[in-house]
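What follows draws every value from the coordinates through simple rules; no lab data is involved. A quick note: this is a predicted structure, and the numbers were derived from the prediction, not measured. Here the Cβ positions follow ideal geometry from the backbone for every residue, glycine too, while neighbour counts run over all protein chains shown.
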Amino acid sequence: MLKKSLELLRLEAAETGAGTLKRSLNGFSLIAIGIGVIIGAGLFSLTGIAAANNAGPAVTLSFLVAAVGCAFSALCYAEFASMVPVAGSAYTYSYATMGELFAWIIGWDLILEYSVGAATVAISWSQYLVRFLSKYDLHIPAQLVMSPFEKATMADGSVVSGFVNVPAMLIVLAITAIIVRGTQGSAWFNALVVSLKVLVVLVFIALGWQYIDPANYQPYIPQNTGTFGEFGLSGILRGAGVVFFVFIGFDIVATMAQETKNPQKNMPIGIIGSLLVCTVLFMLFGHVMTGLANYTEFKGSAAPVAIAIEKTPYAWLSSAIIVAILIGYTSVILVDLMGQSRVFFSMSKDGLLPKVFSEIHPRFRTPLQSNLLLGLFISVFAGFVPIDVVGEMTSIGTLLAFVMVCLGVLIMRKKEPDAPRGFRTPWVPVVPILGILTCVLMMVSLPLDTWIRLFVWLAIGLAIYYGYGKKHSKLRQAQEAA
């Protein structure tokens, strides 16, 4: 239950020199990082699912409700990031408010989420690449786009087994190579790919708007079927639960605090700004999509955007959407890998993980060895493990981190009411409490296997903590020495 003091955390944040992370990010870079991980392929699939099964054209309101739910946690993250501008995000905040064991649990949990997220997205990226190339009669041998545990039926009826998912491995290694060169270069690359995928979303909105059929909005909120969650007001709420996970990712911005110029000002801009931009884009996207085609047409479709595009004369938009998904996945992998290495960096700096994870390259000023080890591990994971084993993208660990951060704001307002804060969460304690309730509700709604995965991973983590981390904790050693 040892806790880090705010004074100690601020001293760590003020460190400079060759052994520290380089501060090179500004508010725009942070907003781009947030958008980079929030806008993924989920936008192109979950929008149609929520419209067809839950909210109808009122899916735009579902996006708004989900964004408000995320905003509670985002405001709490912004306050902590302005108070404690160090790498590690929720891990560091928990260390300051609830103690070392809770910090370890959150840090270990975030490692799982970022690893699983990067590997899952890499495998999906590979599948979309195959689909895109096939449009131009370019084909990769099936054995080289599947894990050894997967099989595929060919056009001639023969069945082949996979060997290794080469594209999934290559995209992880390529992104790792970009990350190790420096945070500023990674931010530039991320800004480029984010600009491209946002451009595709804007093109879809602008071109599709001309072909909206107002009749598709009648009724805007379809009448409830008699079952909770199937249209009506309850359908809007259930739809918000479906699209909520499209928004998850803004928290990764907080892991970049130690590489941000003027973090007290820029961290809140990055966290809240990325959430606002994405909310506006998502609502416009949902409005155009349900205006082009009746929401009932999306029922059971794996590619609802393609149905909407068929209502326009722009057939090439279908290929553009696949390109946007590929670009979107690329930036998600980049941000996941960056976020994971920064959590490792913070835990290693505290002595809870081996020193190799916090060693900084003298030229690039990045945790080079950590990036390489994690990139290699995740690439092997993506290449040899099938996607259904890698796990769901719905992030129980991220929601748990949200709960801890909201709870942490309540604790710090009580313990350190006069501590300097570059940003203050409004309406405390209402906002943190609503953040906790929203996230707990989402966690309870997740399937049982997600909870089992969480508990198994935490059991492994606790064994490592009591076997290594507790003995090597620098805070514990300093206290014993004192």
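Where does segment 104-209 land on Rg(C-alpha)/(2.2 N^0.38 Å)? Don't skip to the end; give the middle numbers.
On the way: Rg = 17.7 Å, N = 106, 2.2 N^0.38 = 12.9 Å.
Dividing the Cα radius of gyration by 2.2 N^0.38 Å gives 1.37.
Can you spot the aspartates and glutamates whose alpha carbon is less than 20 Å from residue 135's alpha carbon? Ignore those fewer than 8 places along the same chain.
156, 310
When you count, for each residue, the other Cβ atoms within 10 Å and take the mean per peptide, how do 345-351, 140-146 rank with the highest first? It would help to have the intermediate numbers written out before the result.
Values: 345-351: 23.3, 140-146: 17.7.
Taking the mean over residues of other Cβ atoms within 10 Å, the ranking is 345-351, 140-146.
Can you tell me the dipole magnitude for segment 248-366 around its Cα centre, using point charges on the Cβ only (Lys, Arg +1; Asp, Glu -1), in Debye to the nearest 20?
On the way: 9 positive and 7 negative charges, 77 e Å.
With only Lys, Arg, Asp and Glu charged at Cβ, the dipole is about 360 debye.
Only helices at least 20 Å long along their axis, Cα-based, and averaging 0.0 or more on Kyte-Doolittle count here, so list those DSSP H runs from the chain. Please list the in-between numbers first.
On the way: long enough: 59-83 (36 Å, 1.67); 100-134 (51 Å, 0.97); 166-180 (21 Å, 2.88); 183-209 (38 Å, 1.63); 232-247 (23 Å, 1.75); 263-292 (43 Å, 1.26); 317-349 (47 Å, 1.35); 368-384 (24 Å, 1.68); 396-415 (28 Å, 1.69); 430-444 (21 Å, 2.72); 448-464 (25 Å, 1.67).
Flagged H segments are 59-83, 100-134, 166-180, 183-209, 232-247, 263-292, 317-349, 368-384, 396-415, 430-444, 448-464.
Can you return the lysines within cross-link range of residue 471? Criterion is Cα-Cα under 21 Å, with same-chain partners fewer than 8 residues away left out.
List returned: 3, 4, 349, 355.
Just to confirm a number: summing +1 for Lys and Arg and -1 for Asp and Glu over residues other than residue 249 whose beta-carbon lies under 13 angstrom from that of residue 249, what do you get?
Values: positive: none; negative: 113, 251, 336.
Charge balance in the 13 Å sphere: -3.
Quick one: order 396, 248 by neighbouring beta-carbon count within 10 Å, fewest to most.
Working: 396 20, 248 24.
The order, fewest Cβ neighbours first, is 396, 248.
How large is log10 of I(q)/I(0) for the chain at q = 0.08, 0.11, 0.12 Å⁻¹ when the intensity is taken from the Debye formula with one equal scatterer per alpha-carbon?
One equal scatterer on each Cα of the chain leads to -0.48, -0.90, -1.07.
Could you work out the relative contact order of the chain? I mean the mean sequence separation of Cα pairs under 8 Å and 6+ apart, divided by the number of residues, in percent. Mind showing how you got there, number by number?
Values: 863 pairs, mean separation 160.6, N = 482.
Normalised by residue count, the contact order of the chain is 33 percent.
Can you put 470, 4 in order of Cβ neighbours within 10 angstrom, beginning with the fewest?
Placing the least packed residue first, the sequence is 470, 4.
Given the DSSP H assignment, sum -39500 (n - 2.57) over each helix run of at least 4 residues in the chain and divide by its residue total; what's the result at 222 nm in deg cm²/dmol, nearest 500?
Values: 18 runs with 305 residues, N = 482.
Rounded to the nearest 500, the figure is -21000 deg cm²/dmol.
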